[in-house]
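Peer 1: Sharing a structure, written as structure tokens. Questions coming.
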Amino acid sequence: MGTLPSARRRGLGAAVTAELAALVIAGGAHTVFLSAADSAVARVYAGLGFRRVGTAMIAEPGWSSRA
């Protein structure tokens with residue numbers, strides 16, 4: 001989900017995120033996975049009560065652990 005720059009800092013993204021999380025929890029989910037593109041987004045999630053439990057990594061095709 002994203003918020004247009006002209007609509008940011010009004011709580012819209014936080015409200016939608018909170019509502020969607022509540023819906024999936026009410027539907028039986030035990031975990032909600034969110035990915036924050038930057039620290040500002042992470043602060044929004046933290047303000048909603050989410051906590052960081054790990055960091056996800058994406059490996060691009062051709063990635064190798066060998067140098």
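Peer 1: How far apart, in nm, are two points set 7 Å out from the Cα along the Cα-to-Cβ line at A59 and at A40?
Peer 2: Between A59 and A40, the simple spin-label model gives 3.3 nm.
Peer 1: Let's see if you can work this out: charge +1 on each Lys and Arg Cβ, -1 on each Asp and Glu Cβ, no other charges. What is the dipole magnitude of the chain about its Cα centre, in debye to the nearest 20?
Peer 2: Roughly 220 debye, rounded to the nearest 20.
Peer 1: Then there's this: For the chain, what % of the accessible area comes from carbon and sulfur atoms, probe 1.4 Å?
Peer 2: Of all accessible area on the chain, carbon and sulfur atoms account for 58 percent.
Peer 1: Taking K and R as +1 and D and E as -1, what net charge do the other residues with C-beta under 15 Å from the C-beta of A40 add up to?
Peer 2: Computed value for this residue: +4.
Peer 1: Per residue, how much accessible area does the chain have with a 1.4 Å probe, in Å²?
Peer 2: Here the per-residue accessible area is 90 Å².
The values are calculated or read from the model by the stated rules, or taken from the named source; none is laboratory data. All values reported here derive from a predicted model rather than from experimental measurement. Cβ sites come from the backbone with ideal geometry, for glycine too, and all protein chains shown count toward neighbours. When the accessible area is computed, the model is the full protein with side chains, heavy atoms only, and any ligands, DNA or RNA have been set aside. Shrake-Rupley method; radii C 1.70, N 1.55, O 1.52, S 1.80 Å.
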